[in-house]
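Just below is one structure, and these are the notes that go with it.
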Amino acid sequence: MAPHMDDAANGATASSPSGAADSEGAIETRGIEPVPDHERHGRVRELFPTWVAANISVLLLTMGAALVVFNHLNFWQALVVAACAAVVSFGLVGILSVSGKWGGAPGAMLSRATFGVRGNLFPGAILWVARFGWETINAVTGAYAVLTVLDLLFGVKSNTVLIVITLFVFVACTFLVSGMGRKALNVCNKWSTYLFGVFSVLVLGYLIAHIKWSEVFSRPAGSTAMLIAGIGTIAAGGISWVPTGPDFARYLPHSASGKKIVGATVSGAGVVMVPMVLMGAVMAVAAPGLADAPDPVSFLGDILPTWLAVPYLVTAIVGMLLINSLSMYSAGFTAQTMGVKLPRAMAVSINAVISLVGGLMLMLVAKSFLSSFITFLILLAVSFSAWIGVYAVDMARRRVRAVRYDAAALMDTGRTSRYWYVGGFCWQAMTAWVVALVAGVCFTKCDWFSGPFSGTFVGKYGLGWAATIVISAVLMAVLPTPRETGAVVAETAEAEAEAAEAEPVPA
């Protein structure tokens, strides 16, 4: 990013609110308050294992299989889908993560500058609810992985009591790791990246040696519509990380390169996404039924030998635990931004409880995991996309005009806040967000409903999420540039007070 933006932002985090906890210990105690300069010791390279860990999920195998079984794509089309999805989704994550080093605050907090102190509560609530769903899906997948390992090693079959215990333990471990904060997550991410990388290479080698590649490469190509729709489905998971990208960049110094932030983010995600989606597509040729399996994990025990399936699943369990820990880490910030009066580590407990309850419903009540998951991904992408377009335009304006994020104003929820706008709402951002969100839903088609515009080109090609980003961005760009009226009011009041003090006292 341009140096002048960084220079302008230097004052944004020079100090934190009084009493803000230092987060240099083993357990991070800092909440939503912006990180002061003297704590900006992060390095861009730390983002690489972070986004590797954020994608260590066997769900990518299932989604790769779905590209073959449901979208009827061949190997080369699956490769295109995986590569495009990684670049598009995590490219957005990387670009918007740059705002984290500008303002030194979580994305949910910086969003106050875009939507207004009160206005931010509305998109924040939608993102928070969507985050609940994502954490629930990951918790369920992790629990299924544990159940599969128990079955492979000890022949223990799944039952209701075991499901409850397994899910509870998984969510509890997630809560503990996410509560420890950034440093603990960085260490866990680093070692899980190494372990998962080793076992993924072993699995890939096994597939190369045992899969009938003639059948893999002889599959006919699918339609262009299904290819484009596949990109949207795979990219939805990455898009859900966009608002939380600044959370992991807020400890970076102002001098950190924006291009390197984007590069580390995309490469970290892509190095996992692309091979895992391809592995799932290859596995689907050998076992077409895996994409329609009752759970997203047990098929590995049928395709891989036990000596390889068990350690691979164990590393995947660790990976999925980290995915949920990263998600809950950011969810704690969202909860605080929404007004939850708890420390970040304790605010995470709200998401942990909801993940547990939602996970039990999905494992014990839902009939089809995959169909529920795909539907969730479609709605997830739309709900996050409306926020992305508005936030991105606001970021671009700040870069061009060298307008910094004001640390004090971000923490101020009263009328004197620079981000009070009109009644606490930035009506331009709110208008663009609402219109785009409604339009995105209208273009959407899933198992639960079909929007009135789902039969159009955008709907048929699964581009509702892309249309949502474009609509919100265009509206935000063409509407009048928001005026930070709270700042003007505060400055006027201060000037009047100084003038009054300067006047001579009458006799």
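The values are calculated or read from the model by the stated rules, or taken from the named source; none is laboratory data. Worth saying up front: this structure is predicted, and the values here are computed from it rather than measured. Quick reminder, even Gly has a Cβ in these numbers, built from the backbone with ideal geometry, and neighbours come from all protein chains shown. What goes into the accessible areas is simple: the full protein's heavy atoms, side chains included, and nothing from ligands, DNA or RNA. Shrake-Rupley method; radii C 1.70, N 1.55, O 1.52, S 1.80 Å.
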Kindly indicate which of Ala225, Ala286 is farther than 26 Å from Leu127 by Cα and touching an Asp or Glu at 6+ places or on another chain (Cβ under 9 Å).
-> Ala286
Determine whether Ile350 is open to solvent by 40 Å² or more (accessible area, probe 1.4 Å), free of Cβ contacts under 8 Å to residues at least 60 places away in the same chain and more than 15 Å from the chain's Cα centre (by Cα).
-> yes
Identify, from the list Ser454, Ser472, the residue that is touching a helix residue (DSSP H, G or I) at 6+ places or on another chain (Cβ under 9 Å), assigned to a helix (DSSP H, G or I) and of a type in the set (S, T, N, Q).
-> Ser472
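This table checks each residue for (1) surrounded by fewer than 22 Cβ atoms within 10 Å (Cβ to Cβ); (2) under 23 Å from the mean Cα position of the chain (by Cα); (3) at pLDDT below 95.
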{"position": "Val68", "(1), (2), (3)": "no, no, yes"}
{"position": "Leu73", "(1), (2), (3)": "no, no, no"}
{"position": "Gln77", "(1), (2), (3)": "no, no, no"}
{"position": "Ala83", "(1), (2), (3)": "yes, yes, no"}
{"position": "Leu96", "(1), (2), (3)": "no, yes, no"}
So which of Val314, Val348 ends up being at pLDDT below 80, part of a helix (DSSP H, G or I) and under 25 Å from Ser192 (Cα atoms)?
-> Val348
Touching an Asp or Glu at 6+ places or on another chain (Cβ under 6 Å), crowded, with 23+ Cβ neighbours inside 10 Å and either in a helix (DSSP H, G or I) or not basic (Lys, Arg) (or both): does that describe Ser371?
-> no
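Let's see how each residue does on (1) crowded, with 18+ Cβ neighbours inside 10 Å; (2) over 20 Å from the mean Cα position of the chain (by Cα):
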| residue | (1), (2) |
| --- | --- |
| Leu379 | yes, no |
| Phe384 | yes, no |
| Thr416 | no, yes |
| Gly424 | yes, yes |
| Gly440 | yes, no |
| Ser450 | no, yes |
| Lys460 | no, yes |
| Leu463 | yes, no |
| Val470 | no, no |
Mind telling me which of the residues Ala221, Ala249 ends up being touching a residue at least 40 places away in the same chain (Cβ under 8 Å), open to solvent by less than 10 Å² (accessible area, probe 1.4 Å) and hydrophobic (A, V, I, L, M, F, W, C)?
-> Ala249
Please enumerate the residues belonging to region 130-180 that are without any contact (Cβ under 8 Å) to a residue 60 or more places away in the chain, open to solvent by 60 Å² or more (accessible area, probe 1.4 Å) and closer than 30 Å to Ala335 by Cβ.
-> Ile165, Val169, Leu176
If you check every pair at least six apart or on different chains, which have Cβ atoms under 8 Å apart with a residue in region 388-407 that is closer than 13 Å to Trp102 by Cα and among the aliphatic types (A, V, I, L, M) first and a residue that is assigned to a loop (DSSP other than H, G, I, E, B) and open to solvent by less than 20 Å² (accessible area, probe 1.4 Å) second?
-> Ala407/Pro34; Ala407/Gly104; Ala407/Ala105
Among the residues of region 286-303, is there at least one that is open to solvent by 10 Å² or more (accessible area, probe 1.4 Å), in contact (Cβ under 8 Å) with a residue 40 or more places away in the chain, acidic (Asp, Glu) and part of a loop (DSSP other than H, G, I, E, B)?
-> yes
Write out, first by first residue and then by second, each pair whose Cβ atoms fall under 7 Å of each other, whose residues are 6+ apart or on separate chains, and whose first residue, in region 253-265, is of a type in the set (Gly, Ala, Ser) while the second is open to solvent by less than 10 Å² (accessible area, probe 1.4 Å).
-> Ala256/Lys101; Gly258/Val98; Ala264/Leu47
Would you check if there is a residue in region 267-281 being within 30 Å of Pro34 (Cα to Cα), open to solvent by 20 Å² or more (accessible area, probe 1.4 Å) and polar (S, T, N, Q)?
-> yes
Which numbered condition Leu463 fails, given (1) touching a helix residue (DSSP H, G or I) at 6+ places or on another chain (Cβ under 6 Å); (2) in contact (Cβ under 8 Å) with a residue 60 or more places away in the chain = (1)
Could you check how many residues of region 391-402 are open to solvent by 30 Å² or more (accessible area, probe 1.4 Å) and either over 13 Å from Ala429 (Cβ atoms) or among the basic types (Lys, Arg) (or both)?
-> 6
Odd one out for Pro253 among (1) over 22 Å from Met273 (Cα atoms); (2) part of a helix (DSSP H, G or I) = (2)
Out of curiosity, is Thr193 open to solvent by less than 50 Å² (accessible area, probe 1.4 Å) and either closer than 30 Å to Gly464 by Cβ or not small (Gly, Ala, Ser) (or both)?
-> yes
Exclusive hit being at pLDDT 95 or above, under 21 Å from Ala130 (Cβ atoms) and assigned to a helix (DSSP H, G or I), set Thr244, Thr265 | Thr265
Among the residues of region 224-246, write down those that are surrounded by fewer than 24 Cβ atoms within 10 Å (Cβ to Cβ) and aromatic (Phe, Trp, Tyr).
-> none
